Amino acid sequence: MTTVGILGGTGPAGRGVAVRLSAAGHDVVLGSRDAERAAQVASTLTGEITGASNDDAAHCEIVVVATPWDSAVATVRAVREALAGKIVISMVNALTKEGREMLPIYPPRGSMAAQIAAALPDSHVVGAFHHLPASEMENLESSLAADVVIFGDDAEARTAVEALVNEMPGLRAVVAGSTSLASAVEAFTAVCISINIRHKAHSYVTLAGLSI
Ligand SMILES: NC(=O)c1ccc[n+]([C@@H]2O[C@H](COP(=O)([O-])OP(=O)(O)OC[C@H]3O[C@@H](n4cnc5c(N)ncnc54)[C@H](OP(=O)(O)O)[C@@H]3O)[C@@H](O)[C@H]2O)c1
């Protein structure tokens, strides 16, 4: 059992990850700028999930970043000391909506994972969960069977996140490689969401032909 904190955990993305981590037997702390709001949101979710401040969430063993892209760096910087030496999972996508399409935005370092890694030189940043539809994640009754593309520069941290994801119901971990792949992984989320908007669906990614 691991304690997992989620920064910005009160949004759809954080809630979905929280529910499936809890279903895997982990203790989850939903972080927020407003601990009371987090407690209220946590009380509506299935599983062992508590609500707290982002600072409290950052003191967990593994920490997920689930804020909007334009507040992710400021959010992790504020709790940088608590995150030192830990695995920090970025699920952050930099995206903008134009008409009926979602388009990728490329931050200065090419990806949000690289931006977060630069802000947290003492942490082990791993990317995961980018392509998952939050609504399907939060609903444990859904028939979700999604692949989670994982990347990062620290092989040990990547392996730990791979194991964590494989414990979560409905998910299979697929390690892709280093943070050099982050911009491609994050930008592909724009394709996934645009497909879902166009086809009014909650589709997700599965990779055929892999025997893992
Ligand atoms: N939604 C999805 O299906 C999905 C799937 C995969 C990945 N993602 C990624 O996950 C991240 C979160 O997505 P989301 O849809 O859950 O986003 P969201 O609802 O817009 O935001 C998540 C939480 O972030 C906090 N937040 C909002 N503005 C903030 C600010 N200026 N500073 C600090 N915290 C702020 C809020 O929590 P408090 O007000 O409680 O602090 C909010 O509940 C995004 O980067 C997205 O690309 C989303």
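Checking Thr189, Thr206 one by one, the residue that is under 22 Å from Leu21 (Cβ atoms), among the polar types (S, T, N, Q) and either in contact with a Lys or Arg (Cβ under 8 Å, 6 or more places away or on another chain) or surrounded by fewer than 17 Cβ atoms within 10 Å (Cβ to Cβ) (or both) is Thr206 and no other.
Just one of (1) away from the ligand (no atom under 12 Å from the Cβ); (2) outside any loop (DSSP other than H, G, I, E, B); (3) surrounded by fewer than 17 Cβ atoms within 10 Å (Cβ to Cβ) fails for Ala182. It is (3). When segment 42-51 is limited to residues that are within 14 Å of the ligand (Cβ to nearest atom) and in contact (Cβ under 8 Å) with a residue 40 or more places away in the chain, the one that is surrounded by the fewest Cβ atoms within 10 Å (Cβ to Cβ) turns out to be Leu45. May I ask you to say which residue of Pro68, Pro12 is within 15 Å of the ligand (Cβ to nearest atom), touching an Asp or Glu at 6+ places or on another chain (Cβ under 9 Å) and touching a residue at least 12 places away in the same chain (Cβ under 8 Å)? The conditions single out Pro12. In this entry, Ala84 is excluded by the filter for residues that are over 20 Å from Ala190 (Cβ atoms), of a type in the set (Gly, Ala, Ser) and surrounded by 20 or more Cβ atoms within 10 Å (Cβ to Cβ).
Tell me, which residue of segment 28-41 that is buried (at least 17 other Cβ atoms within 10 Å of the Cβ) and in contact (Cβ under 8 Å) with a residue 24 or more places away in the chain is farthest from the ligand (Cβ to nearest atom)?
Let us first name the residues in segment 28-41 that are buried (at least 17 other Cβ atoms within 10 Å of the Cβ), namely 28-32, 35, 38, 41.
In the following step, the residues that additionally are in contact (Cβ under 8 Å) with a residue 24 or more places away in the chain were identified as 28-32, 38, 41.
Numbers: Val28: 15, Val29: 13, Leu30: 8, Gly31: 8, Ser32: 3, Ala38: 6, Val41: 7 Å.
The extreme case among them is Val28.
Is one or more of the residues making up segment 112-135 closer than 19 Å to His202 by Cα and in a helix (DSSP H, G or I)? Among the residues of segment 112-135, at least one is closer than 19 Å to His202 by Cα and in a helix (DSSP H, G or I), which makes the answer yes.
Of the residues Ala201, Ala160, Ala173, Ala146, which is more than 16 Å from Arg20 (Cβ to Cβ) and under 18 Å from the mean Cα position of the chain (by Cα)?
Numbers: Ala201 fails: under 18 Å from the mean Cα position of the chain (by Cα); Ala173 fails: more than 16 Å from Arg20 (Cβ to Cβ); Ala146 fails: more than 16 Å from Arg20 (Cβ to Cβ).
Result of the check over Ala201, Ala160, Ala173, Ala146: Ala160.
The single condition among (1) at pLDDT 95 or above; (2) under 18 Å from the mean Cα position of the chain (by Cα) that Ser135 does not satisfy is (1). All of Met91, Met137, Met112 fail the test of being closer than 17 Å to Ala13 by Cα, touching a Ser or Thr at 6+ places or on another chain (Cβ under 7 Å) and within 12 Å of the ligand (Cβ to nearest atom), apart from Met112.
The values are calculated or read from the model by the stated rules, or taken from the named source; none is laboratory data. As the structure is a computational prediction, the values presented were derived from the model and not from experiment. Every residue, glycine as well, gets a Cβ built from its backbone with ideal geometry; the counts of neighbours run over all protein chains shown.
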